[in-house]
Amino acid sequence: MTYITKPKLHHPGLKPNALGLTHRDYEGSVSTLCAGCGHDSISAALIQACYELNIEPHRVAKLSGIGCSSKTPDYLLGQSHGFNSVHGRMPSVLTGANLANRELIYFGISGDGDSASIGLGQFAHAVRRGVDMVYICENNGVYGLTKGQFSATADQGSKSKAGGLNTDSPIDLVGASFVARSFSGDKHQLVPLLKAAITHQGPAILDVISPCVQFNNHAGSTKSYDFVRAHNEAVNRLDFLPARSEITVEHEPGTVAHVTQHDGSVIKLAKLHADYDPHDRVRAMAYLQERHAAGEIVTGLLYVDENADDLHAHLDTVARPLNRLGEKELCPGGAALDAVNASYR
Ligand SMILES: Cc1ncc(C[n+]2csc(CCOP(=O)(O)OP(=O)(O)O)c2C)c(N)n1
Ligand code: SF4
Ligand SMILES: [Mg+2]
């Protein structure tokens, strides 16, 4: 992984939050992703949400798997804890960390390949167990890092940059006690959703549509990319990645925005009505299917169970983090062990 430390510049005009920290204190290293990648907009939204919620950076742990999306924890919260795990295996590492120290705020940052392809089993079990975390899937429908193969969220009938046709049905990542979908370029919607997810107890899943500027551009503009690469190949193995600008969108609740991506394809984002009731899981699933059939991607808070509990409640764990327990509590002696064993007879 590449690290480019941000130069420490003094910005006297930056407004401090209630902790006396500025936006700058929530940033990370310089991003090495392609210019215009939707993932960078999600990092910016997370930085803003943590700044506005006055979160102490040392109280956050960011965990990820492998992928362009899984690199993004490096680009935010440089003073927080971080763990870059194996492809698709972040949920079990996060579950273990959460069980050891329940006092941290956990961000599981992943991609659609990391979550819905190789990591689907891990993801489903972390949700099923009720791990208290904010799980963000930076969803671009492709394996960006490995050059654009279809992921399990790619739409049936869509074409890859290499020309292949996806004949498989997509997986929809919903099912937790807080489920929301947004678009990386709609920070007016994304930042409040992130703040709500951070304050939610139990698993909060945010599926964020995040355009990949390199591997969903198989039409038109691809040609110059391919041309340069074809001629580059003979001399060295460098890739030419044309810089693109970030795609942003602003639209009112209850409306559908037609968003043109870098390849010229259009996605339809349907923002939920202000009077949509997010408490009915069955209705939410039906609504998603209905809009999907109409070719729309529904964004907003899709479902929430405000009374959800988490894995610690299920397991009746000790209230204090394990690293704060002393020897006496961790090794309570033979009589306590006898009592535990007796309870299983
Ligand atoms: C066990 C394992 N299998 C496969 C890979 C190769 N690999 C690395 S990233 C990746 C896909 C990443 O896709 P996604 O999670 O959608 O992230 P994106 O790059 O699109 O943000 C794959 C298949 C790997 N690193 N480890
Ligand atoms: S390849 Fe796609 S997902 Fe990866 S950094 Fe570039 S634009 Fe982002
Ligand atoms: Mg992806």
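All of the numbers you see were taken from the coordinates with simple rules; none came from a lab. Worth saying up front: this structure is predicted, and the values here are computed from it rather than measured. Positions of Cβ are generated from backbone atoms using ideal geometry, with glycine treated the same way; all protein chains shown enter the neighbour counts.
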Dividing the mean separation of Cα pairs under 8 Å (6+ apart) by the residue count of the stretch 23-324 yields a relative contact order in percent of 19 percent
Quick one: grab the alpha carbon gyration tensor of the stretch 10-156, order the square roots of its eigenvalues as a ≥ b ≥ c, and give me rounded if a/c is under 1.5, else prolate or oblate depending on whether a/b is larger than b/c.
-> oblate
The Cα extents of the stretch 23-324 along the principal axes, largest first and rounded to whole Å, are 62, 43, 35
Which distance in Å, rounded to a whole number, links the C-alpha centroids of the stretch 53-95 and the stretch 177-211?
-> 16 Å
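For Ile42, what charge total do you get from the other residues with a beta carbon under 15 Å from its beta carbon, if Lys and Arg give +1 and Asp and Glu give -1?
Working: positive: Lys62, Lys71, Arg181, Lys187, Lys195; negative: Glu27, Asp40, Asp74, Asp112, Asp114, Glu138, Asp186, Asp207, Glu246.
Value of the local net charge: -4.
Provide the net charge surrounding Asp112, with neighbours chosen by a C-beta distance below 9 Å and charges set as Lys +1, Arg +1, Asp -1, Glu -1. Walk me through the intermediate numbers first.
Numbers: positive: none; negative: Asp114, Glu138, Asp207.
For residues surrounding Asp112, the net value is -3.
When the helices in the chain are scored as -39500 (n - 2.57) per DSSP H run of 4 or longer and the sum is shared across all residues, what 222 nm value do you end up with, to the nearest 500 deg cm²/dmol? Mind showing how you got there, number by number?
On the way: 10 runs with 96 residues, N = 345.
About -8000 deg cm²/dmol.
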How many nm is it between the label spots at Leu19 and Ala335, if each spot is 7 Å from the Cα in line with the beta carbon?
-> 4.4 nm
Who wins for biggest fluctuation among Leu330, Leu76, Leu173 in a Gaussian network model of the chain, springs between alpha carbons below 10 Å?
-> Leu330
Listing Asp275, Asp186 from the residue with the fewest other Cβ atoms within 10 Å to the one with the most, what is the order?
-> Asp275, Asp186
Using a cut-off of 14 Å between beta-carbons, work out the net charge of the residues near Gly185 (Lys and Arg +1, Asp and Glu -1, Gly185 not included).
-> -1
Order the peptides 249-259, 55-65 from the highest to the lowest mean number of other Cβ atoms within 10 Å of their residues.
-> 55-65, 249-259
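Return the percentage of antiparallel bridges among DSSP beta bridges fully within the stretch 23-324, rounded to the nearest 5 %.
On the way: 13 of 44 bridges.
Around 30 percent of the beta bridges assigned by DSSP in the stretch 23-324 are antiparallel ones.
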Pairing the Cα long axis of helix 120-129 with the longest principal axis of the chain, what angle in degrees results, from 0 to 90 and rounded to the nearest 10?
-> 40 degrees
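Can you sort Leu99, Leu315, Leu269, Leu9 from fewest to most other Cβ atoms within 10 Å of each residue's own Cβ? Could the numbers behind the result be given before it?
Numbers: Leu99 16, Leu315 11, Leu269 23, Leu9 6.
Fewest-to-most ranking of Leu99, Leu315, Leu269, Leu9: Leu9, Leu315, Leu99, Leu269.
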What chymotrypsin sites (Phe, Trp or Tyr not before Pro) does the stretch 240-345 have in DSSP loop regions with at most 10 other beta carbons within 10 Å?
-> Tyr344
Against the longest principal axis of the chain, how steep is helix 281-293, in degrees 0 to 90 to the nearest 10, with axes from Cα atoms?
-> 10 degrees
